[in-house]
Amino acid sequence: MKILLAEDEAQLNRVVTVAMQKSGYEVDSVFNGQEAVDAVKKHPYDVIIMDIMMPVKNGLEAVKEIRATGDKTYIMMLTAKSEIDDKVTGLDVGADDYLTKPFSLKELLARLRSKERRSEDYNSKQELNYDNLKLDLNSQELSSNNSISLSKQETSLMRYFLLNPGKQLSTRELFNHVWKEEDETEDVVWVYISYLRSKLQSIGAHVKILGEKGGSFSLTRA
Amino acid sequence: MSIYGKYAAYLPQILDETMAQIREIGQAYQEKNGQKLYEHLEGRVKGEESMTQKCKKKGLPLTPESALLENRDAIGLRIVCNFIDDIYTCIDLLKKQSNFKIVKEKDYITDAKANGYRSYHLIMVVETPFEDVHGNKPGQYFVEIQLRTIAMDTWASLEHEMKYKHDIKNPERISKELKRVADELASCDVSMQTIRQLIKEG
């Protein structure tokens, strides 16, 4: 993982940088919010650790600017005060997590490991399996005897079923999961259930989606 | 002397009659349902040269028996349909013909080949007024039929182009892309089939 650390206290900056480097991370360290914004423009990072109280440009402003460019990098705020408002503001301007100063290096490193696990093991686990069915999330390909391509929404719907096999998933839940951000209405769910059923059948999957139009659906072995 | 012997003259006639019969099936279906059973129909008698090569390759003697009995694709037809379920409707209708007898079926649609090829293959025996290799008259001849959708047909043409071009620099890449696009076309075929069903259900 490549990490950007923005911390103005030289001593603390040094200690944290070395500790993270020793853990095998690649670390760029800067000393104020403006330097952080500039570094993010130039280099790709997996995690940004951002102090709030910094000269030139404070951490909250820096996070706002970074997010305004469309950057989605995981950001952890370091806050000197344990005041709730500070944490809330930090999260609301776009940070993903925070640590309250003084913090233990042990805890910081554990959080980085947790973050790494989530992004590598969970998100980049690009294949889901159930019985003889395989969904490749990278190539959007569903296969058992044969393989067939899926559209983006079909992949998202199939993924949700595969993460929740055997559970009753309502039309509303499916809609909210796949189409929430889109200009669509709930009747789209039945159409996509129909697509997936045909596609499961066409590749000879031993897996079925049970349920009736408008109701709840569940993935089971055929 | 032709590898097909004296039977060579019968083959185009058998092909024509079989195609005419299938056209009739198509017309009757269209009159009844207001929809085309298939998009187009094509047929060929396998060329002498090509049949001779095939027999040689299989180590068969160059005789009409080899050409007409050991090989069963001397007469070949292809029915290209708009939708997947039309293919299965065609097969049902072919099975109902009293002078057609289906002796072998291979469903490469539900069980696609590893390279992505999809089609339904069947071999049938047709009753004809002509003498056959066994000396029976009326005689029986094998006819091979391939049924596929337009998308499968387009894909097969592309794959054919690759197969017969021997100087492709990156065959693995092209094969991989062909496989991928076959799965995408299958996806479209199945989606259109599904939409058709949704329209029917109303």
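The values are calculated or read from the model by the stated rules, or taken from the named source; none is laboratory data. Source: prediction; values computed, not measured. Reconstructed Cβ throughout: ideal geometry from the backbone, glycine too, with neighbour counts over all protein chains shown. Calculation scope for accessible area: heavy atoms of the full protein, side chains included, ligands and nucleic acids excluded. Shrake-Rupley method; radii C 1.70, N 1.55, O 1.52, S 1.80 Å.
Structure above, values below:
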item	result
Among residues of the stretch B:19-38, those that are β-branched (Val, Ile, Thr) and either under 15 Å from the mean Cα position of the chain (by Cα) or farther than 17 Å from residue B:77 by Cβ (or both), counted	1
Failed condition for residue B:110, given (1) away from every other protein chain (no Cβ under 14 Å); (2) open to solvent by 40 Å² or more (accessible area, probe 1.4 Å); (3) touching a helix residue (DSSP H, G or I) at 6+ places or on another chain (Cβ under 8 Å); (4) under 30 Å from residue A:144 (Cβ atoms)	(1)
Odd one out for residue A:186, checked against (1) open to solvent by less than 40 Å² (accessible area, probe 1.4 Å); (2) more than 10 Å from chain B (Cβ to nearest Cβ)	(1)
Leading residue by the ranking (nearest to residue B:20 (Cα to Cα)) among those in the stretch B:58-76 that are of a type in the set (A, V, I, L, M, F, W, C) and surrounded by fewer than 20 Cβ atoms within 10 Å (Cβ to Cβ)	B:69
Failed item in (1) open to solvent by less than 50 Å² (accessible area, probe 1.4 Å); (2) within 18 Å of residue A:100 (Cα to Cα); (3) not in a strand (DSSP E or B), with residue A:15 passing the rest	(1)
Test: residue A:147 is among the hydroxyl-bearing types (Ser, Thr, Tyr) and within 13 Å of chain B (Cβ to nearest Cβ)	yes
Filtered residues of the stretch B:118-136 (kept if under 15 Å from the mean Cα position of the chain (by Cα) and open to solvent by 30 Å² or more (accessible area, probe 1.4 Å))	B:121
Number of positions in the stretch A:73-107 that are open to solvent by 40 Å² or more (accessible area, probe 1.4 Å), closer than 23 Å to residue A:37 by Cβ and assigned to a helix (DSSP H, G or I)	4
Residue check, residue A:41 touching a residue at least 12 places away in the same chain (Cβ under 8 Å) and touching a Phe, Trp or Tyr at 6+ places or on another chain (Cβ under 6 Å)	no
Cross-chain or 6+ apart pairs with Cβ under 7 Å, the stretch B:183-202 first and farther than 15 Å from residue A:141 by Cα and within 8 Å of another protein chain (Cβ to nearest Cβ), then aromatic (Phe, Trp, Tyr) and assigned to a helix (DSSP H, G or I)	B:194/A:195
Matching residues, the stretch B:153-185, being closer than 24 Å to residue B:37 by Cβ and in contact with a helix residue (DSSP H, G or I) (Cβ under 7 Å, 6 or more places away or on another chain)	B:155, B:185
Residue in the stretch A:189-222 that is least open to solvent (accessible area, probe 1.4 Å), counting only those that are within 11 Å of chain B (Cβ to nearest Cβ) and more than 30 Å from residue B:108 (Cβ to Cβ)	A:190
Check on residue B:103, open to solvent by less than 40 Å² (accessible area, probe 1.4 Å), modelled with pLDDT of 95 or more and away from every other protein chain (no Cβ under 14 Å)	no
